[in-house]
Amino acid sequence: MKVVSYFIASAALLMFVSIAGAEEFPIMDMIANNVIQKYQQMSCEELWKHKGEAKTPREQEFIQILRGNPQMRTEFINKVSPAIVNKMFECGMIP
C-alpha cells in the first residue's frame, strides 16, 4: 500500500510542474484522495504510532509545493481536513 502511494506521489510531483499554473489541481486531488483513504483505513493504534514519524522526502517535497502555492494549499487542506479531524477525534487525539 505504501509503495503504491509513494509511486502516485512521485508521479504527481513530476507532473506538478506542467500543471502548476492551472486553476484546478487534478494531481493535488489525487494526492488528497490518497491521504483521505489512508486516514479512513488506518486504525487508531497505527495513527498514534505514525504521529511522530518523520516525513518521507516526497512528502516533504509536496509540503514545500503547498507552502509555495497558497491556492493549492487551501484546496488541499479543505479537502483532507474532515477525514483527518474525524479520525483524530475518534482516536481521542483531540477533545
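Things to note:
- Restricting segment 37-91 to residues that are surrounded by 10 or more Cβ atoms within 10 Å (Cβ to Cβ) and in a loop (DSSP other than H, G, I, E, B), the residue that is modelled with the lowest pLDDT: Lys51
- Residue check, Ile63 among the β-branched types (Val, Ile, Thr) and in contact (Cβ under 8 Å) with a residue 24 or more places away in the chain: no
- Members of segment 23-36 that are of a type outside the set (D, E, K, R) and assigned to a helix (DSSP H, G or I): Pro26, Ile27, Met28, Met30, Ile31, Ala32, Asn33, Asn34, Val35, Ile36
The values are calculated or read from the model by the stated rules, or taken from the named source; none is laboratory data. A quick note: this is a predicted structure, and the numbers were derived from the prediction, not measured. Here Cβ is always computed from backbone atoms with ideal geometry, including for glycine, and neighbour counts include all displayed protein chains.
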